[in-house]
Amino acid sequence: MSNHLFDAIRGAASSDAPFIETPDGRAWSYGDMLGLSGRLAAALDTLGVQPGDRVAVQVEKSPEALMLYLACLRAGAVYLPLNTAYTLAELNYFIGDAEPRLVVVAPKSKAGILPVAERYGAHVETLDHAGGGSLLDLAQDEDPDFLDAARGPDDLAAILYTSGTTGRSKGAMLTHDNLLSNAAALRDHWRFTAADRLIHALPIFHTHGLFVASNVILLSGASMYFLAKFDADEALRLMATATALMGVPTFYVRLAQHPGLTRAATAGMRLFVSGSAPLLAETHRAFAERTGHAILERYGMTETNMNTSNPYDGARVAGTVGMPLPGVSLRVTDPESGAALAGGETGMIEIKGPNVFKGYWRMPEKTAAEFRQDGFFITGDLGKIDDAGYLHIVGRGKDLVISGGYNIYPKEVETEIDEMPGVIESAVIGVPHPDLGEGVTAVVVRKKDAAVDEKAVLDGLMERLARYKQPKRVIFVDELPRNTMGKVQKNVLREVYARLYQLGAGKADHTADTPKRAN
Ligand code: MLC
Ligand code: AMP
């Protein structure tokens, strides 16, 4: 029986080779990976998880959590990772929508999740490293030689939720071949081999840390340092014995501010990759000046995995995301008509290829609306291709904020704020932030004499939305700028508050601003 993705992973695994090391000195070889993922897959089977069943997982990053992802592949289950920052209110939606057979959480979350899981008929387990009845304990008694479930290229491997412009999250269905084809393309394009050692400091509930970083390492038989979170000191220390780093732009902003970032400190490194959000050209240049390394920027999204990459050999051009990866077709079109545009013209970026997802979970209409007749996926990103063939992302056709590599859909935050007592309406925007790229900012109109203030808005969001979605600042205005059609002009707001997070920008300066009405 063949298991499309895991067979490829198994094929690259040499039992004695190192796979993962953690800062506290724990280490796993590829043999350990095969054994533990096999035992966990057997435990899933014992718990009644069938091929095609969803397994929702909200646990802290650890090597065992990664093994659980691999166990799901082997058991034929559909892995559904959830951001550890999600509140119970948010989890309620995901569990209701995905109807998982099993929900795996940290021990501290078990009591809260039980009633939610029960409502939707899901079983709950924990992934507790201290023992005490967790999935790891169940796995102890299982046989490591698990017979992997048969899974073909088109079978689902994972569902990753991505927020929608209407505020409702959509589950992107990713198949075994979406993941395998993309990881193999990246491995080859970026020249990963068993000799590589990656500094893995990204979360493992999103495409970047889970599929780009982990799958590429697995398919190369390479190894990684697994950090719970990014820390510039730790990353610099590990560069002495690592070969590669993959990160969001905030990693590079923080490294570029670190006095320890030098040519000598990075001499053993062969590759720095950035993605998930735009890398400022000034960060690219500052990093190159300090280290002699040109950061390689690439472009992707949850629905499509990775689409483009700057070259490995050849110029890595700051402010561009390079060319389509082998096997990926990319075109720039008129957003309305879908007609292809000539080189140099700005339009909608559309993607087709084995990397593109199968559709949104149980949302056939939404899926249909985001594909063209000929199978191209409409990304919502605006871009242009220059004379040398490099793609430049010049904006977003979708109302989206990216903060430290996390996506926030303003509609979701606005809906929560608008329901608060004393609030008439709100507009949530992203404005330049020196550390996070964009800072989530709420502009709110309150009722006359209402007592609601910045603290009340932020307190009200605490239990409702994940921390990273919460505004860094809340500003009150008398009215929101609208165009003649009555649509809120977010571009005007973004201009007015463009300097809000710049060093030295006073808090009080902005609290009473009322942007001018514009047409
Ligand atoms: C943490 N906080 C954030 C935040 N991360 N707020 C806004 N945006 C973020 N990204 C909150 C914390 O909860 C904390 O709240 C406060 O901000 C300060 O935290 P910090 O200690 O400075 O943050 P840190 O832990 O260092 O995290 C920053 C980060 C992290 C950038 C290292 O967010 C991160 O690892 N981001 C990577 C996201 C990612 O993997 N994206 C890939 C998506 S896939 P408090 O309570 O202390 O005030 C994708 C496709 C593709 O996009 O192309 O790859
Ligand atoms: P997500 O939905 O979390 O997968 O985020 C995908 C979005 O991140 C894309 O649609 C882009 O808007 C953005 N993105 C990813 N990589 C880059 C990049 N290198 N430059 C600019 N934007 C990027």
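With the condition kept exactly as written, say whether any residue in region 473-489 is under 23 Å from residue 87 (Cα atoms) and either open to solvent by 10 Å² or more (accessible area, probe 1.4 Å) or within 16 Å of ligand 1 (Cβ to nearest atom) (or both). Yes, that holds for at least one residue. Selection of helices (runs of 4 or more DSSP H) fully inside region 226-336 by the criterion of at least 1 residues being in contact with a Lys or Arg (Cβ under 6 Å, 6 or more places away or on another chain), within 13 Å of ligand 1 (Cβ to nearest atom) and not charged (D, E, K, R) returns 232-238. If the condition is being within 16 Å of residue 296 (Cβ to Cβ) and within 16 Å of ligand 2 (Cβ to nearest atom), then region 186-205 contributes 186, 189, 190, 202.
Give the residues of region 206-222 that are out of contact with any Lys or Arg (no Cβ under 6 Å at 6 or more places or on another chain), more than 11 Å from ligand 2 (Cβ to nearest atom) and closer than 17 Å to residue 302 by Cβ, sorted by residue number. Of everything in region 206-222, those that are out of contact with any Lys or Arg (no Cβ under 6 Å at 6 or more places or on another chain), more than 11 Å from ligand 2 (Cβ to nearest atom) and closer than 17 Å to residue 302 by Cβ turn out to be 209, 210, 213, 214, 215.
Results for (1) over 27 Å from residue 173 (Cβ atoms); (2) open to solvent by 40 Å² or more (accessible area, probe 1.4 Å); (3) in contact with a Gly (Cβ under 6 Å, 6 or more places away or on another chain), shown as yes or no for each residue.
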position: 349; (1), (2), (3): no, no, yes
position: 373; (1), (2), (3): no, yes, no
position: 380; (1), (2), (3): no, no, yes
position: 389; (1), (2), (3): yes, no, no
position: 421; (1), (2), (3): yes, yes, no
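Does region 374-394 include one or more residues that are in a loop (DSSP other than H, G, I, E, B), in contact with a Lys or Arg (Cβ under 8 Å, 6 or more places away or on another chain), within 16 Å of ligand 1 (Cβ to nearest atom) and at pLDDT 95 or above? Checking region 374-394: not a single residue is in a loop (DSSP other than H, G, I, E, B), in contact with a Lys or Arg (Cβ under 8 Å, 6 or more places away or on another chain), within 16 Å of ligand 1 (Cβ to nearest atom) and at pLDDT 95 or above.
Between 56, 65, the distinction of being assigned to a strand (DSSP E or B) and either open to solvent by less than 30 Å² (accessible area, probe 1.4 Å) or not β-branched (Val, Ile, Thr) (or both) belongs to 56 only. Among the residues of region 259-295, those that are of a type in the set (S, T, N, Q) and away from ligand 2 (no atom under 16 Å from the Cβ) comprise 262, 266, 291.
Scanning region 396-412 for residues that are within 10 Å of ligand 2 (Cβ to nearest atom) and on the phi > 0 side of the Ramachandran plot yields one hit, 405. For region 266-279, a residue qualifies if it is more than 19 Å from the chain's Cα centre (by Cα) and open to solvent by 30 Å² or more (accessible area, probe 1.4 Å), and the qualifying residues are 267, 268, 270. Of the residues making up region 493-502, those that are open to solvent by 30 Å² or more (accessible area, probe 1.4 Å) and not in a loop (DSSP other than H, G, I, E, B) are 494, 495, 496.
The values are calculated or read from the model by the stated rules, or taken from the named source; none is laboratory data. It should be emphasised that the depicted structure is a prediction, and the values quoted were computed from it without experimental measurement. Heads up, the Cβs are rebuilt from the backbone with ideal geometry, glycines too, and the neighbour counts pull from every protein chain shown. Quick note on the areas: whole protein, heavy atoms, side chains included, nothing else; ligands and nucleic acids left out. Shrake-Rupley method; radii C 1.70, N 1.55, O 1.52, S 1.80 Å.
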